[in-house]
Amino acid sequence: MERFRADGFDGFVAARWGALLHVARLLTGGDRQRAEDLVQEALVKLWFAWPKVAEQAPDAYVRQVLVRLAARSARRRWWGERPVEQLPDRPAPGDVSSAVAERSRLEAALALLPPRQRAAVVLRYCEDLPEAQVAQVLGCPVGTARSHASRGVARLRQILSDAVRPVG
């Protein structure tokens, strides 16, 4: 039974791969890599449904799956890995004490801020939340959250520049 299932499925895939890829490319706006991913994902779903749809209309089933996957994929903000021409440089192994010292300096400066300014700066710039979400978390209007973040950053600049000034 399993061998019959695999033979029929393999034959379908071999016969329909080009047409499925063409449909997927049209659905993805010509992006071949995304189209291949969609076809692969659709064929995985078809494999599990193969016993039910093999005798009926596997073409219609897999096309419907492709359309749904493409729509869901288009709603996603991130589609996975993106190929690049060159790999990014890796940091050289070595002394990380300067990075640790800089982070410690920033944490010490953040500790000197009033709690609401510190929260606004951390949420906005470390957690990268939008201003509206920062305001919601702080329980204040967006303008107040923006003001807290702005004053906090200005104070941080002052604290950090005071710490760097040479003595003498």
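The values are calculated or read from the model by the stated rules, or taken from the named source; none is laboratory data. Since the model is a prediction, treat every value here as computed from it, not as a measurement. In this analysis, Cβ positions are derived from the backbone assuming ideal geometry, glycine residues included, and neighbour counts consider all displayed protein chains. In case anyone asks, the SASA skips ligands and DNA or RNA and just uses the protein heavy atoms, side chains included. Shrake-Rupley method; radii C 1.70, N 1.55, O 1.52, S 1.80 Å.
Net charge near ALA149: determine it from the other residues with C-beta under 14 Å of the C-beta of ALA149, scoring Lys and Arg +1 and Asp and Glu -1. Mind showing how you got there, number by number?
Numbers: positive: ARG116, ARG118, ARG124, ARG146, ARG151, ARG155, ARG157; negative: GLU127, ASP128, GLU131.
Overall, the nearby charge balance is +4.
Just the Cα atoms of the chain, one point each, no solvent: what log10 I(q)/I(0) does Debye give at q = 0.17 Å⁻¹? Once normalised to I(0) and log-transformed, intensities are -1.00. Between ASP162 and ASP31, the simple spin-label model (points 7 angstrom out along Cα→Cβ) gives 4.9 nm. Element breakdown for the stretch 89-164 at a 1.4 angstrom probe: carbon and sulfur atoms account for 56% of the accessible area.
How many Å² of accessible area per residue for the chain, probe 1.4 Å? Provide the component values of the computation, followed by the final result.
Details: 12230 Å² over 168 residues.
For the chain, the per-residue accessible area is 73 Å².
Round to the nearest 0.05 the FRET efficiency obtained for GLU102 and GLU55 when R0 = 45 Å and r is the Cβ-Cβ distance. After rounding, the FRET efficiency stands at 0.10.
Rounded to the nearest 500, the 222 nm mean residue ellipticity of the chain from helices alone is -23500 deg cm²/dmol, with -39,500 (n - 2.57) taken per DSSP H run of at least 4 residues. Across the chain, Cα pairs under 8 Å and at least six residues apart give a relative contact order of 14 percent.
Suppose the chain between ALA15 and GLN64 were pulled fully straight at 0.36 nm per residue; how much longer would it get relative to their current alpha carbon spacing? Show your work: numbers first, answer last.
Working: separation 49, 0.36 × 49 = 17.64 nm, distance 1.80 nm.
Difference between extended and current length: 15.8 nm.
At a Förster distance of 41 Å, what's the computed FRET efficiency of ALA6 paired with ARG90, Cβ-Cβ distance as r, to 0.05?
Values: r = 43 Å, r/R0 = 1.04.
Rounded to the nearest 0.05, the efficiency is 0.45.
Sequentially through the stretch 30-35, phi angles give Karplus couplings (6.51, -1.76, 1.60; θ = phi - 60°) of x, 7, 5, 5, 5, 5 Hz, Gly and Pro residues having no value and appearing as x.
Toward the positive end of the charge dipole of the chain, with +1 on the Cβ of Lys and Arg and -1 on the Cβ of Asp and Glu, the farthest Cα among LEU113, VAL13, ALA70 is that of LEU113.
Electrostatic tally near ASP31: other residues with Cβ closer than 12 Å to its Cβ, Lys and Arg +1, Asp and Glu -1, net +2. Counted residue by residue at 0.36 nm each, then reduced by the alpha carbon distance between them, the extension gain from GLU131 to VAL153 reaches 6.5 nm.
Using 10 Å bins from zero, what percent of all Cα-Cα pairs in the stretch 1-72 falls into each bin? Percent of pairs per bin, in order: 21, 54, 21, 3. Here the label points at GLU41 and CYS140, each 7 Å from Cα along the C-beta direction, are separated by 4.1 nm in the simple model.
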